[in-house]
Every structure is written in structure tokens, then in C-alpha cells.
Amino acid sequence: MLAACGGGGSDDSGDGPQEVKVGALPILDVAALHLGIQEGLFEDEGLELEVENAQGGAAIIPAVLQGDTPIGFSNVTSLLIARSKGLPVQIIAPASASTGEPGKDFAAVVVNEDSDIESAADLAGATVAINTLNNISDTVIRETVRKDGGDEDAVEFVEMAFPDMPAALEAGNVDAVFVVEPFLSITQKAGARPVAWPYAEAVENLEVAVFFTSEQTAKQEPELIEKFSRAMVASQELASSDEEKLRAIPTTYTEIDEALLADLTFPLFTSEVSEESAKGLADLGQKDGLFDEAPDLRALFGS
């Protein structure tokens, strides 16, 4: 984690770029953010970003709401849950989306090569490791099992950090793991095989993660939010158009083995946020009991 350098305010002279802290995670989903920083796209908007890597996504939403970081990264379901609890979070820019192609996405449910599990429906009765319970992972897996004709309520989920999943699967401690890159490539190189692609199969054109702020920051610093959003869209477009630069950027902010870079499947980096995708995730959350109250989508998107 980088040292703190002053929230959303400009430097002391008032003539330099505005220093802005962004809460994120060191994962492929934010590759476009780091590429945009490297290529000066945020500097072009008069912003100097400081990316603070949190230990987990759960820490980012409170930090944004408390004003410790004006902007944060989150999967969409976490923001839907927050909004359903009345927390004033607001989506401001895209981050990562599914490719929409089973077999060619950045996340999959994988099993050992000798497993009897052959399809999503076969996950009924199986123990599946996911990184966070009662969030995006279990809802999209349940929906994928439903669509394949299986009993989604019979899937047993256990919480496990992504780095621990390959060894747990190989040891037979779980029947399947839902992994994202680079752990998808790591497990496949070890002989595991994908049986379901929940991000690609559960919701059409699924937007997995976004950047967000608080309603208070959006109202108090609209120019900051507009500048960040413009630069983020430009970063997304660059990530989508320059694969060479995109594949090189993860080594600057993650510990991914360079030998894996050529084989990694990256998320889709879209240039717009998707209310339709969020509604799809909200519907799944309602179906699976994630919310006490239905989240206000209009407020979540600041409309």
C-alpha cells in the first residue's frame, strides 16, 4: 500500500495536479486503470492518482464512505448490497466485464481432471470454493446451475482466498473452485479443467466491476468525478485497443509470474457502465436472498 498523500485536494501551491487516492485491488480487473496512469491519461485531466491496494474488497466501500479515499473499485453486487442497506454509493466509471464467451473468459469453475463433475448441473451436491460468500460468485454460479437444469440450492459454498484455491483443489479438500485469472491459468496448467463459466453464462453482457464514489463526494466534487470518469473511459479504450501494452501492465502492480502473461485471458474493458447488467445482478440477488430491501438502481447510477 502506498503512503497517504491527501485525499482529493490539490497540492499546496494550487498550481499542480489534483492528488486523488483510489482504493483498488491488485488484480487484472484494474489493468486499464494502471495503464491509464502509466500513459498519462489521468495527468491529461489534471489528476495525480495514488492507488491504495486494500487487503480485500470489503475494506474499500467503508473507506470511500468515510472519505478516506474519494474513489474506489468494487464488484457490482457488493455495491448493490450496500445500496440495499441505504449506503450512499454511486457508480461513476466502468472497470471490468465478462467477455461473454464460455471457454474464453477470465473466470471459470474448474475441477480436477479425474472429477465426475462434467457440467454446471453436476455442481449440485458438490463443495465449491469461492472468494466471498453471499456475493457475486455464489449468485452467478447458482444461476448457471439453474440454467443447466441442476439444483442450485444443493451447491455447498465455502469461502477461500483465490491464492489458496489451486492447492485446495489439487488436495481434494473441495470438489471445485471458482477462480479468476491468473489462478484460472495456474489451475489449468496443473491439469484442472473448466466445467462452467458463470460470468459468461449467468447474465448477458455481465459487467463484473466498476469504480464508485459516495453521493457526498459526487455532490461536493463533481469536476473531480467528471475528470476521473473521462480519463477512466480513455484508459478502458486504450486497454481494449493495445494488447501489447495491456499484457505488460500487470507486472507493474501485481505479483503475477511474467511467464503466465502470454496465456492470460483478460476481462473485457468497456467504455460505459451498464445499468442493464446491474439489474440482472440485482434480480439474481433478490432471487438468492442477498437483500433485505431491493437496491435503488437509479440512485446507484446517480440518475
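Computed from the coordinates by the stated procedures, all read-outs in this text should not be read as laboratory data. Here the structure is a predicted model, which is why all the values come from computation and not from measurement. Backbone-built Cβ (ideal geometry, glycine too); neighbour counts: all protein chains shown.
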- [ ] Enumerate the lysines that residue 189 could reach by cross-link, defined here as Cα to Cα under 29 Å, with residues fewer than 8 away along the same chain left out.
- [x] 104, 147, 245
- [ ] Fewest Cβ neighbours within 10 Å first, please rank 116, 105 accordingly.
- [x] 116, 105
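How much length is gained on full extension from residue 255 to residue 276, taking 0.36 nm per residue of separation minus their Cα-Cα distance?
Working: separation 21, 0.36 × 21 = 7.56 nm, distance 3.39 nm.
This chain segment gains 4.2 nm when fully extended.
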- [ ] State, to one decimal in nm, how far the label point of residue 159 lies from the label point of residue 48, with both points 7 Å from Cα in the Cβ direction.
- [x] 3.8 nm
- [ ] Report, in debye and to the nearest 20, how large the dipole of the chain comes out about its Cα centre when Lys and Arg carry +1 and Asp and Glu carry -1 on their Cβ.
- [x] 440 debye
- [ ] Using label points projected 7 Å from each Cα along Cα→Cβ, tell me how many nm separate residue 101 and residue 85, to one decimal.
- [x] 3.8 nm
Task: J(HN,Hα) series, segment 50-59, from Karplus relation 6.51 cos²θ - 1.76 cosθ + 1.60, nearest Hz, glycine and proline x - done: 10, 8, 9, 7, 7, 5, x, x, 4, 7
Task: Dipole moment magnitude, nearest 20 debye, segment 107-202 about Cα centre, only Lys, Arg, Asp, Glu C-beta charged - done: 300 debye
Open item on the list: Sort 58-67, 191-200, 277-286 by packing, meaning the average of other beta carbons within 10 Å per residue, with the highest value first.
Closed with: 191-200, 277-286, 58-67
TODO: Measure nothing but the geometry: give the 0 to 90° angle between the long axis through the Cα atoms of 136-147 and the longest principal axis through the Cα atoms of the chain, rounded to 10°.
DONE: 40 degrees
TODO: Report the calculated FRET efficiency for residue 119 and residue 283 (r = Cβ-Cβ distance, R0 = 22 Å), to the nearest 0.05.
DONE: 0.40
Task: Packing-based ranking, highest mean first, of 90-103, 252-265, 219-232 given that Cβ atoms within 10 Å are counted - done: 90-103, 219-232, 252-265
TODO: Apply the Karplus parameterisation 6.51 cos²θ - 1.76 cosθ + 1.60, with θ equal to phi minus 60°, to every residue of segment 245-253 and state each ³J(HN,Hα) to the nearest whole Hz, in sequence, with x for glycine and proline.
DONE: 5, 4, 5, 7, 5, x, 5, 8, 9
Task: Karplus-derived HN-Hα couplings along segment 197-203 (A = 6.51, B = -1.76, C = 1.60, θ = phi - 60°), whole Hz, x at Gly and Pro - done: 10, x, 5, 7, 9, 7, 10
Task: Distant-in-sequence amide H partners of residue 19 (H built 1.01 Å from N, under 5 Å) - done: 10, 11, 48
Task: Sequence-distant aspartates and glutamates (8 or more away, or on other chains) whose Cα lies within less than 12 Å of residue 21 - done: 48, 50, 52, 68
Open item on the list: Compute the helix-to-body angle for 275-287: its Cα long axis versus the longest principal axis of the chain, expressed 0 to 90° and rounded to tens.
Closed with: 50 degrees
